[in-house]
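Structure, as structure tokens:
The values are calculated or read from the model by the stated rules, or taken from the named source; none is laboratory data. These numbers come from a predicted model, not from an experiment. FYI the Cβ positions are ideal-geometry reconstructions off the backbone, even for glycines, and counts take in every protein chain you see.
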Amino acid sequence: MSGLTLELLLLQVVTGVALGSVFVLLAIGLSLIFGMLTIVNFAHGAFYMVGAYMGVFLYGLTGNFWICLILVPLGVGSIGLVVERFLIRPLYGRNIDDPLLLTFGLGYVFIETIRILFGLNGIPFSTPAGLRGAVDIGVGYFPLYRLFLIGATAVLVLGLWLFIEKTKFGLIIRAGARDPEILKVLGIDVSKIWLLVFGIGTGIAGLSGILAAPLQAVTPEMGIPVLAEAFVVTVVGGMGSLIGAVTAGLMVGIVVAMTSLFMPEMAKVSIFLLMALVLLVRPQGLFGRAGLMG
Amino acid sequence: MTSTRISKRRGGISRREVLAAGAGGIALAGFTPSLFSIAKAQTGVIKIGFPVPLTGPFGAEANDQVKAAEIAIKEFNEAGGFQGRLAELLVRDDKLNPGEAATRTLELIEKDKVNYVVGSLSAAVQLSINNVTKERGVIFNSISQSDAINEVKDWSKFTFHEALNPHMTAGAVGRYAFSKFGKKVAYLTADYAYGHEMVRGFESAGKPLGVQTLADIRHPIGASDYSAFLPRIQSLRPDVLCICNFGRDQVNAVKQATEFGLKEKIKIVAPVLLYTARVAGGPEIFEGVVGGTSYYWRLEDTVPTAKAFNDKFRAAHGGAVPSDYGALGYAGVRSVLTAVKNAGTTDTDKVVAAMRALKYDFYKGPQYYRDCDHQSVQSVLVIESKSKDMKDKNDVFSIVGIENPDEKNLRSCADLGHKA
């Protein structure tokens with residue numbers, strides 16, 4: 001390939017890390033819900049899309065992106081709470097397929113609702129004023145917003161990790177994932193924990209939606225392709241593992257960036273090839289616990 | 001478990017029987033097209049089948065096509081129809097899927113007994129519809145871009161092409177952009193027929209101008225992130241970047257190119273700059289992007305038929321203006337209905353002859369179907385997206401150039417394999 005320089009390669013890596021940040025954001029919500037509740041949330045892409053629409057709508061009302069970054073996860077998380085309480089809770093203890101099918105259908109309900117409310121065409125959204133433009137990062141110019149995205153993802157992951165690993169509440173969540181029966185015996189209301197975990201997971205999906213809104217077209221179907229990508233990342237990282245989601249997200253981002261540079265036609269296929277390779281060597285994913293599905 | 005298995009097996013047998021019977025019927029009908037057209041009634045409602053992708057990524061454009069086509073039907077009926085016979089539009093969702101489109105078209109012809117078919121919004125889907133209509137001897141007027149449909153391999157005397165084709169569109173945009181913005185060109189192309197045909201159109205327009213292709217980067221269709229392609233494009237330092245994709249892909253690619261600051265040194269060009277994509281993307285993102293189109297509503301400032309069409313559309317749809325592909329729905333249906341009137345009959349062969357003889361100005365200035373391939377010879381507009389001096393929210397483009405209807409801008413009949 002002509003014109004290949006070290007600068008271009010490094011810039012491509014940074015592009016991959018930014019791309020990976022979006023994957024990480026999506027996958028941690030998905031992984032959290034699966035790890036704690038053993039629910040494969042097929043509506044995750046739809047929650048992400050609802051987050052983007054809610055963000056654009058609230059931005060139109062408030063004109064302040066930062067307020068939206070707080071309101072959207074709360075709003076989408078609240079929808080998640082309602083969904084868990086009234087739709088998913090009756091399915092606990094049943095076959096793992098039941099919540100999967102429910103969330104699959106729910107995703108379509110969300111998409112149709114948005115189509116009715118906002119139309120088929122999608123709505124415009126530009127990068128908020130303070131984060132526009134490209135800055136020199138030493139190897140070339142890179143969009144400021146994508147740098148912000150990398151930072152925001154790092155902060156969120158760190159916050160979530162501290163919450164789960166270092167707080168008393170996080171301890172209860174982890175215990176609930178390992179053995180809900182014992183937790184019940186100890187007098188802790190497990191259903192409340194599961195409710196909250198589902199709310200947090202969907203809230204993060206909503207947050208990824210508003211964070212992705214300046215990057216891509218805000219349309220009712222925007223969650224469909226990212227759902228597949230988020231599943232790949234979750235499976236590669238190991239279902240239910242936070243560190244796995246982060247590692248795999250960044251890895252997938254960099255792999256996509258590199259194939260885009262050398263074999264652009266293969267960009268879409270590359271992540272599935274990566275998944276196949278990882279699964280051949282480690283069927284439970286990079287950081288997954290074996291036998292979690294059973 | 002056992003009971004479901006049994007019922008499945010039962011279903012399998014009856015399905016097979018139905019399929020066999022259906023295939024027999026289709027084969028029979030296929031061998032006797034002339035018998036069929038005689039049996040078709042010369043009285044009653046004139047039915048036009050209209051398969052378009054109502055759901056899926058081009059849903060917004062397809063719905064606009066239906067709205068505009070209905071105006072042509074309404075207009076025809078209000079003028080008394082043809083010898084008292086009114087027209088009816090039978091809209092079907094082809095889901096942007098060639099197989100689905102073929103099935104729906106077959107149904108329209110066999111079950112609904114449509115007289116003509118107009119529609120499609122995809123290079124691949126229109127070829128699939130055309131396959132069915134040409135075998136059945138039914139007129140098909142395609143309202144979506146394709147170069148292949150003009151070629152002798154796919155074409156039949158029942159095939160008409162109301163839309164522009166990539167050669168004409170990319171040609172007009174290329175001739176404008178390369179002479180104005182520079183001769184070093186990079187392409188970011190959706191990896192399927194539409195994208196490839198557009199690149200070919202740009203390259204053949206660029207050849208006489210001495211244009212140099214730096215790279216043709218092909219991306220998978222329907223990609224949501226293009227950032228990974230952009231650093232390379234930036235490092236190539238082209239004068240012009242041609243983004244050869246459609247619909248949502250176009251919005252995403254332009255949005256991310258803007259975000260990467262590509263516009264500061266590179267002119268971004270799209271072969272077909274979509275009205276709906278620009279509305280969905282917003283003014284800042286599309287600012288300064290140049291592209292081609294078959295129609296933009298501001299043509300009404302200079303073309304009286306455009307004004308008349310827009311006014312009808314506004315009246316019917318709460319003040320909205322028709323989009324580019326929407327307007328094609330109107331022209332596609334109206335030209336068939338006009339040909340029926342001119343022919344004095346709904347008989348397919350006579351209507352084909354009347355369409356071939358048609359010289360029309362329905363909404364954008366003079367047009368006619370070329371003899372050898374039935375391509376509508378028409379003007380191509382070159383437009384630029386703007387964010388300032390907008391008259392109202394619909395005023396999103398300025399017309400920066402018009403290439404008048406001229407057969408020299410089409411691929412020659414000999415190139416397409418026709419004996420002209």
Residue list for the range B:257-288, filter: assigned to a loop (DSSP other than H, G, I, E, B) and within 14 Å of chain A (Cβ to nearest Cβ) = B:Phe260, B:Gly261, B:Lys265, B:Ile266, B:Leu274, B:Gly282, B:Glu287
Wholly inside the range A:122-214, helices (runs of 4 or more DSSP H) that include 3 or more residues that are within 20 Å of A:Glu84 (Cβ to Cβ) and under 22 Å from the mean Cα position of the chain (by Cα) are A:144-166, A:168-178, A:190-212
For the range B:323-366, enumerate the residues that are out of contact with any Asp or Glu (no Cβ under 9 Å at 6 or more places or on another chain), more than 17 Å from B:Val117 (Cα to Cα) and of a type in the set (S, T, N, Q).
-> B:Asn342
Residue match in the range A:39-60 (condition: at pLDDT below 95, within 14 Å of chain B (Cβ to nearest Cβ), part of a helix (DSSP H, G or I) and crowded, with 24+ Cβ neighbours inside 10 Å) = no
Within the bounds of the range B:383-400, is there any residue that is modelled with pLDDT of 95 or more and within 19 Å of the chain's Cα centre (by Cα)?
-> yes
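Quick one: which residue in B:Val125, B:Val152, B:Val185 is crowded, with 24+ Cβ neighbours inside 10 Å, over 17 Å from the mean Cα position of the chain (by Cα) and not basic (Lys, Arg)?
Values: B:Val125 fails: over 17 Å from the mean Cα position of the chain (by Cα); B:Val152 fails: crowded, with 24+ Cβ neighbours inside 10 Å.
Within the list B:Val125, B:Val152, B:Val185, the selection yields B:Val185.
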In the range B:201-223, what residues are buried (at least 17 other Cβ atoms within 10 Å of the Cβ) and away from chain A (no Cβ under 14 Å)?
-> B:Gly201, B:Phe202, B:Glu203, B:Ala205, B:Gly206, B:Val211
Pairs where the first residue, in the range B:182-208, is assigned by TED's automatic domain parsing to the domain that holds B:Asn245 and the second is basic (Lys, Arg), C-beta under 8 Å, 6+ apart | B:Gly182/B:Lys267; B:Lys184/B:Arg237; B:Thr189/B:Arg218; B:Ala190/B:Arg218; B:Asp191/B:Arg218; B:Gly195/B:Arg218; B:Ala205/B:Arg175; B:Gly206/B:Lys183
Tell me, yes or no, whether the range A:22-37 has at least one residue that is surrounded by 24 or more Cβ atoms within 10 Å (Cβ to Cβ), within 11 Å of chain B (Cβ to nearest Cβ) and within 21 Å of A:Met251 (Cα to Cα).
-> yes
Do any residues in the range B:300-316 that are outside any helix (DSSP H, G or I) have Cβ atoms under 9 Å from those of residues that are modelled with pLDDT of 95 or more and among the aromatic types (Phe, Trp, Tyr), where the two are at least six apart or on different chains, and which pairs are they?
-> B:Val303/B:Tyr363
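Among the candidates A:Gln284, A:Gln216, which residue alone is within 14 Å of another protein chain (Cβ to nearest Cβ), of a type outside the set (Lys, Arg) and free of Cβ contacts under 8 Å to residues at least 60 places away in the same chain?
On the way: A:Gln284 fails: within 14 Å of another protein chain (Cβ to nearest Cβ).
Within the list A:Gln284, A:Gln216, the selection yields A:Gln216.
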Is it true that some residue in the range A:161-183 is touching an Asp or Glu at 6+ places or on another chain (Cβ under 8 Å) and among the hydrophobic types (A, V, I, L, M, F, W, C)?
-> no
